[in-house]
Amino acid sequence: MSNMQFPAQTIGESAAGGTKTSWSPPTLLEYWNALKRHIWLAGAIVAVTLVIGMVLTLLMTPQYTATSRIEIAREQANVTNVEGLQREDSTPNQEFYLTQYSLLNARSLAERVERRLRLATNKDFFAAHGATPVGEGFLSGGKSDTMSVSNIRERQRQAVDLLIEHLSVSPLRGSALIDVSYSSASPEISQLVAKTWVNEFALQSMDRRLASTADARVYLETRLQGLRERLEQSERDLVNYAARQGIVRLSETKSMEGRTQTTQTLASRNLDQLNSFLLQASAERTQAEARLRAARSAGGTQLGIENQALGGLHERRAEANAKYQDLLVHFDPEYPEAQAARQQVAALDRAIGSEEKRVRDAYMADFEAASQREEQLRARVNDLLGRFDAENRSSIQYNIYQREVDTNRQLYDSLLQRYKEIGVAGVGTNNISVVDPAPMPEKPSSPKLLINLIMALLGGVGLAAVAIFVLENHDESLREPSQVPTKLDVPLLGAIPAVDDESLEKMDDPKSVLSEAYMTVRTNLSFSTDHGVPKTFALTSTSPAEGKSTSAYSLARVLGRTSGSVVLVDVDMRRPILASRLGLKNLRGVSNFLAGDDNWQDLLQQTESANVFFVAAGPTPPSASELLSGERLALFVQHLASKFDHVILDSPPMLGLSDAPLIANVVEGVVYVIEADRTAVRASQSAIQRLRDSRAHILGALLTKYRAKQSGYGYGYGYGYGYGRDRDGAED
């Protein structure tokens, strides 16, 4: 049976030292296990995609592809050695060939092909693409009778769209060769279009070169004469306009493009100087206004700080007032010396008030003078602004004249130079040649059943992988024992296999898989403390029906066979099920002792297993939490520990209840039970954190209902294990 258990040394070290298990399954193995868990779903998705791919392939119309190969040379022969209108080396090789690829796909070329082959009136062309031509009126011979101009143009546009849609351009890497392919349901149409396309491309390139130089000399001759006259007239207009508007230019500059720019005029320089004076006057007025406001809002002491005379009066008044106050200490206010001192203080107050008024009046005069100077300067600036604005409005027309002069001069100079060059420039040979005309396609190029099935298979595998990935990430339960220490940060005590037999009779057989599994848990519990298996411990879980009660009874039977007397206490007073499962009575139990009944010996019941006793939960109390929060539960555990070698408490689940943390404080530790492939990791983490917050000692975790083959470990437990149900059908 050793091959059905996890290595005892690894689990024991985790239980004793509290360290995490260092081993984890490889990533590829995790993927393989996930695939085995969802193999039927993956197979169904792949099968459906294969069927869809086959059906779509059989329904597709066969397409025939004709390919013409051409060569596009980078440079053409230049007989005259004079640069023409188009520079052959104006762009790098990559940009040149990308331009050629775009020209091969250009709509203008498609329109040339359509006009050459008259495809708008060709019924077979539209039939080869499965398209219905716009309008009616096709004759049996492929030509159309009288149609409206709008219908003809619409059919031409439709034919051009079909040409562009079914054409493909494929450059041969590392060469100047390009394959031009055309696909349709008719091999004749495909061959005809592929041949015509490359021929029209070569003719279009030649026409473009010829058109660029044919009328160049005639155009330049007429333009030169006109530009000469325009240049002379524009220069006269510029000078006359500047004289009429009084625009005096002080400085001008020439840009890189030869444009003349006026940088400064007489009016702008005068405005700049006067504006600087205005800014200075405004600053002075602002300072005067600030001093005036401060003088109005500040007290006498503040003015005294700024004015030396006023400060001296304040000092004298303070001395006189101090003298007066000193006299009042020894004499009455009517005492002559006191009266004289009071009169002196009053005289100083009047002098201070007069001086403060004089200071404020002086500040007011300064402010008014500064304001008047600012207004005068502002009026002069506004007047000059008006003149400057008029000059700016005039400069718009002036700049127009100036730009016209510059433009005419540049055009005249450049056209004169180009006229001299173009006279000796000729047109070279065409750089486009057809290497292989398109042959007649002998077999369809598409659809290809094998390729489509392979693509459908890859798509099905991808969809299956996405579906499995979503399902696996949506499942937050613990599936493998190695996940317990890594995700919950608690040592793993053991993994209890799932067996089909719902009874617990197999626990009586020491050689059974279930008995050996709990024996492994008992061994690992002995490493959790320095004195072996804890004398008192409790079992709890996240939610009901995770195998907590079954594990408590199974551990009690194992300890009863190996470690002496054991008492199993059902502390789940909200939902007691152990008594009915063991065939015992639940008339009196834990709730009676917690309620005040001290006769705890009468609560013990003998089970069918040797050395295993049982204490039922007792009648359901109105508030189980209040009974458990008292000191009698700890007293009850002490009484039981004094008589038995081990005390095992079957606690309520953690979810939504406060009973388990209260029970955990009266025992040495807690064994946390987790059902495989069911309990969410976040719920278990939250419950374990609650236990730690209550200062409970967690001995380790117990993974129940574990199926090794499904998780990929392959221990071969061989038979399933369903946890027993109580009489009401509830499982724990």
Task: Cβ crowding within 10 Å averaged over residues, with 171-177, 700-706, 183-189 ranked highest first - done: 700-706, 183-189, 171-177
Task: Under Karplus coefficients 6.51, -1.76 and 1.60, residue-wise ³J(HN,Hα) of segment 552-562 in Hz, glycine/proline x - done: 4, 5, 5, 5, 4, 5, 5, 5, x, 7, 10
Open item on the list: Below 15 angstrom from the Cβ of L203, what's the summed charge of the other residues (Lys, Arg +1; Asp, Glu -1)?
Closed with: +2
Task: Additional length obtainable on full extension of the chain from Y241 to L328, 0.36 nm per residue less Cα span - done: 22.2 nm
TODO: Take the Cβ-Cβ distance between K36 and L58 as r, set R0 to 35 Å, and report the resulting FRET efficiency rounded to the nearest 0.05.
DONE: 0.55
Task: Debye, to nearest 20: dipole size of segment 346-408, +1 on Lys, Arg Cβ, -1 on Asp, Glu Cβ - done: 80
TODO: Between Q376 and N105, with labels modelled 7 Å along Cα→Cβ, what's the label distance in nm to one decimal, could you check?
DONE: 7.7
Task: Exposure proxy order (Cβ contacts within 10 Å, fewest to most) of M54, M519 - done: M54, M519
Task: Greater than 24 Å apart at Cα, pairs in K548/K585; K36/K448; K487/K705; K195/K443; K323/K357; K487/K548 - done: K36/K448; K323/K357
Task: For segment 636-712: rounded, prolate or oblate by the Cα gyration tensor [a/c cutoff 1.5] - done: oblate
Open item on the list: If R₀ is 25 angstrom, what is the calculated FRET efficiency for the pair D489 and L457, using the beta carbon separation as r and rounding to 0.05?
Closed with: 0.05
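Quick check: convex hull of the Cα atoms in segment 480-711, volume per residue, rounded to a whole Å³?
Dividing the Cα hull volume of segment 480-711 by its residues yields 114 Å³.
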Task: Fewest-first ranking of K535, K548, using other Cβ atoms within 10 Å as the exposure measure - done: K535, K548
TODO: Quick one: which residues, 5 or more positions from Y335 or on another chain, have an amide H under 5 Å from its amide H? H modelled 1.01 Å from N in the peptide plane, none for Pro or chain starts.
DONE: none
Task: V218 paired with A294, simple spin-label distance in nm, labels 7 Å along Cα-to-beta-carbon - done: 8.5
Task: Only Lys, Arg (+1) and Asp, Glu (-1) charged, at Cβ; segment 508-564 dipole about Cα centre in debye - done: 120
Open item on the list: If you take every residue apart from S168 with its C-beta less than 14 Å away from the C-beta of S168, what net charge results, scoring Lys and Arg +1 and Asp and Glu -1?
Closed with: -1
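The numbers here are math on the coordinates, done by the rules we state, and not lab data. In this text, all values refer to a predicted model and were calculated from it rather than measured experimentally. Positions of Cβ are backbone-derived with ideal geometry, glycine not excepted, and every protein chain shown enters the neighbour counts.
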